[in-house]
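Colleague: Below is a structure I'd like to ask you about.
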Amino acid sequence: MPPANSADPADALQPLLEDTLLQCASVERLLADIRLAKGDGTADDEHDPDGPTLSAEWSQLVGMQAHLLRDLHGINHALERVASGTFGRCLNCGMPISPGRLEARPATAHCIGCARALENR
Ligand SMILES: [Zn+2]
């Protein structure tokens with residue numbers, strides 16, 4: 001971890017992107033495993049002890065995947081803002097996003113005030 005006071009929050013985006021892509025890939029692999037496990041059994045779910053477990057795991061993974069894809073989307077947008085020189089400014093009000101917030105959530109597109117307002121909409 002670089003010291004917080006010298007770190008450019010934009011520097012955190014690339015590792016964050018790679019990390020999120022890795023997580024996506026492993027969720028993808030787990031989903032493929034379940035697809036296989038479901039596929040090669042009989043269609044008789046009620047007598048298959050793995051049936052309900054697999055279904056629960058499946059929906060959990062699908063939820064996780066949706067979350068990761070949302071994150072990826074946000075990170076890609078943040079990288080675009082780095083490229084266009086608007087990174088660190090709120091997309092809603094144009095004010096600078098506080099360094100502490102950017103450090104905690106490098107991909108954020110909104111200042112804390114707008115983020116709260118948008119959440120409560
Ligand atoms: Zn704002």
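Colleague: If amide hydrogens are placed 1.01 Å from N in the peptide plane, which non-local residues have theirs closer than 5 Å to the one on residue 89?
Modeller: 97
Colleague: Let me ask something else. If the chain between residue 95 and residue 31 were fully stretched, how many nm would it gain, using 0.36 nm times the residue separation less the Cα-Cα distance?
Modeller: On the way: separation 64, 0.36 × 64 = 23.04 nm, distance 4.12 nm.
That works out to 18.9 nm of additional length.
Colleague: From the phi of every residue in segment 85-99, what ³J(HN,Hα) in whole Hz does the Karplus formula 6.51 cos²θ - 1.76 cosθ + 1.60 yield, where θ is phi - 60° and glycine or proline is x?
Modeller: With the stated coefficients, segment 85-99 comes to x, 9, 4, x, 10, 5, 5, 8, 10, x, 7, x, 7, 4, x Hz.
Here, each number is a calculation from the coordinates, and none is a lab measurement. Predicted model, so just to flag it, every value in this text is computed and none were measured.
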